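Participant: Mind having a look at this structure? Questions to follow.
The values are calculated or read from the model by the stated rules, or taken from the named source; none is laboratory data. Note that the structure is predicted; figures quoted are calculated from it, not measured. Here the Cβ positions follow ideal geometry from the backbone for every residue, glycine too, while neighbour counts run over all protein chains shown.
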Amino acid sequence: MEVLALILFISIFVTVLKGYPVSFTLGGLSILFALACTVFAPDYVDLKDMRLLSYRMFGVINNYVLMAVPLFIFMGIMLEKSGLAEDLLESMAVLFGKFRGGLAISVVIVGALLAASTGIVGATVVTMGLISLPTLIKRGYSIPLATGTIAASGTLGVIIPPSILLVLLADTINSSNRGGSPVDVGLMFRAALLPGLILVGSYILYIIIYSRLHPKAAPVLSTEALKNYKSEGYSKKLIQAFVLPLSLIVLVLGSIFAGIASPTEAAAVGALGAMILTIFSKKWSLKILKEVMSQTTHLTSMVFMILLGATTFAFLFRILGGDELLVHMINQAQLSPYLFLIIVMLILFIAGFFIDFIEIIFIMVPVITPLFNQYDMDMLWVGVLIALNLQTSFLTPPFGFSLFYLKGVAPPEVKTSHIYKGIVPFVAIQITLIILIILVPQLVHII
């Protein structure tokens, strides 16, 4: 049975890498494999066991926590359509324009605010690339610094709550965490907040140091440029672009952390608040509403199709005793907890080059969670490490997804080598933070 489980896992992993649709590969291949087992190996798989799969699927569909996913997606896309990023960048440019490297610092802050507002990495990187990259180059910033700052800031949506990745990761860990302490979305948000803020602070510190060492790479904005930014009605723009979105973020996260609302309820508040902000910014129209609803439906359908396929795979994998085999192999290998953690992190890091975080969460996390339980590890701490690890993978050359997103919208003078060179220091910061959290696990429990 255990050999069949490994064959199933390897078959699915290879098929996904070949480029077949993940949702149909996970569910379809698992069901075909189960049917083949009932015919050729009836002693191992019984159709009566497979009937329980329908109950498991309806349990996923009726999961109250996962209702937060379409609501957070709606909130993010609505804020993107409202022109929030452009207004934020313009406002931050005035606030930090007098400092050397101030425009790059403003990009990091805007990226962090957009991360907490949208949580959608691809959309944030593309938006920031379109709006800020031409401005940074025009103002005399070195291309590697500009591209590195934008790519790194755009991926903050992975770790800064409310993140779609954190919602899915918490739910997957919790459903696979048999015998372990529960990990809900609210706890995951709390655990990830401080590492996310440390990351933002580290990015800004690096830009300040780099700007001092290389003044020509990050010039101060001229008085004329600042006057152009400070157009009429700047105070109103600042409130509209900075204070209101920040208030929405505080309202959403604050209600979760204070225990006033569940993540799903807070997501509903965020979705409504995003609509109100769009109306306030005079960008509201039925056309935008239709586009937002269409994109939300598309992304949500994709997520849940993958989730149902992953549920089918995980169900069959457990019936075949795959999780028990892996636990047995780990026990036989007598690996230390930290060595096992490093091996898993490396596997997930490499997988992040080739497949999206949704597939990684739904395929690999249910398999590795019981193994971490064998070592009696804190799954909240492991979850934050997984999120940071995947974020680093998205940034690492030559396969990082965020680098491809940025290259797709960059001006012609921006070469791939510029992007690779600029992102290396930020990847080093990411790796340093991962090592810090491994050495000081208490960082995920401070907030």
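Participant: In this structure, does Ala170 turn out to be part of a helix (DSSP H, G or I), closer than 27 Å to Leu251 by Cβ, at pLDDT below 85 and of a type in the set (Gly, Ala, Ser)? Steps first, please.
Facilitator: Working: part of a helix (DSSP H, G or I): yes; closer than 27 Å to Leu251 by Cβ: yes; at pLDDT below 85: no; of a type in the set (Gly, Ala, Ser): yes.
No; evaluated as a whole, the condition is false for this residue.
Participant: While we're on this one: For the subset of segment 243-272 comprising residues that are over 21 Å from the mean Cα position of the chain (by Cα) and either within 18 Å of Gly111 (Cα to Cα) or of a type in the set (Lys, Arg) (or both), which member is surrounded by the fewest Cβ atoms within 10 Å (Cβ to Cβ)?
Facilitator: Val243
Participant: Among the residues of segment 257-298, write down those that are of a type in the set (S, T, N, Q) and assigned to a loop (DSSP other than H, G, I, E, B). Reasoning before the result, please.
Facilitator: If we filter segment 257-298 for residues that are of a type in the set (S, T, N, Q), which is where we start, we get 262, 264, 278, 281, 285, 294-297.
Across segment 257-298, the qualifying residues are Ser262, Ser281, Ser285.
Participant: Within segment 132-163, can you find the residues that are surrounded by 20 or more Cβ atoms within 10 Å (Cβ to Cβ) and β-branched (Val, Ile, Thr)?
Facilitator: Across segment 132-163, the qualifying residues are Ile143, Thr147, Thr149, Ile150, Thr155, Val158, Ile159, Ile160.
Participant: Only one residue in Phe354, Phe315 is within 23 Å of the chain's Cα centre (by Cα) and modelled with pLDDT under 80. Which one?
Facilitator: Working: Phe315 fails: within 23 Å of the chain's Cα centre (by Cα).
Sole residue among the options that is within 23 Å of the chain's Cα centre (by Cα) and modelled with pLDDT under 80: Phe354.
Participant: Out of Ile434, Ile423, report the one residue that is in contact (Cβ under 8 Å) with a residue 12 or more places away in the chain and under 19 Å from Ser163 (Cα atoms).
Facilitator: On the way: Ile423 fails: under 19 Å from Ser163 (Cα atoms).
Residue meeting the stated conditions: Ile434.
Participant: Of all residues in segment 73-129, how many are charged (D, E, K, R), at pLDDT below 75 and more than 21 Å from the chain's Cα centre (by Cα)?
Facilitator: 3
Participant: Further, regarding this structure: Kindly establish whether Thr311 is closer than 30 Å to Ser54 by Cα, among the hydroxyl-bearing types (Ser, Thr, Tyr) and touching a residue at least 60 places away in the same chain (Cβ under 8 Å). Quick ask: steps written out before the conclusion?
Facilitator: Numbers: closer than 30 Å to Ser54 by Cα: yes; among the hydroxyl-bearing types (Ser, Thr, Tyr): yes; touching a residue at least 60 places away in the same chain (Cβ under 8 Å): yes.
Yes.
Participant: If you check Pro195 against the conditions, is it closer than 28 Å to Ser402 by Cα and either modelled with pLDDT under 90 or within 19 Å of the chain's Cα centre (by Cα) (or both)?
Facilitator: Values: closer than 28 Å to Ser402 by Cα: yes; either modelled with pLDDT under 90 or within 19 Å of the chain's Cα centre (by Cα) (or both): yes.
So Pro195 passes the test.
Participant: Could I ask something else about it? Within segment 273-299, track down each residue that is exposed (fewer than 13 other Cβ atoms within 10 Å of the Cβ) and either touching a residue at least 60 places away in the same chain (Cβ under 8 Å) or among the charged types (D, E, K, R) (or both).
Facilitator: Lys282, Lys287, Lys290
Participant: For segment 237-296, which positions are hydroxyl-bearing (Ser, Thr, Tyr) and modelled with pLDDT under 80? Spell out the reasoning first.
Facilitator: Restricting attention to segment 237-296, the residues satisfying the condition of being hydroxyl-bearing (Ser, Thr, Tyr) are 247, 255, 262, 264, 278, 281, 285, 294, 296.
Scanning segment 237-296 gives a single hit, Ser281.
Participant: Within segment 121-156, how many residues are of a type in the set (Gly, Ala, Ser) and without any contact (Cβ under 8 Å) to a residue 60 or more places away in the chain?
Facilitator: From segment 121-156, those of a type in the set (Gly, Ala, Ser) are 122-123, 129, 132, 140, 142, 146, 148, 151-154; that's our starting set.
Next cut, without any contact (Cβ under 8 Å) to a residue 60 or more places away in the chain only: 123, 132, 153.
Residues flagged as of a type in the set (Gly, Ala, Ser) and without any contact (Cβ under 8 Å) to a residue 60 or more places away in the chain within segment 121-156 amount to 3.
Participant: Pairs please, first residue from segment 348-369 and acidic (Asp, Glu), second anywhere and assigned to a helix (DSSP H, G or I), Cβ atoms under 7 Å, 6+ apart in sequence or on different chains.
Facilitator: Every condition considered, the pairs that remain are Glu359/Val16; Glu359/Val22; Glu359/Ile306.
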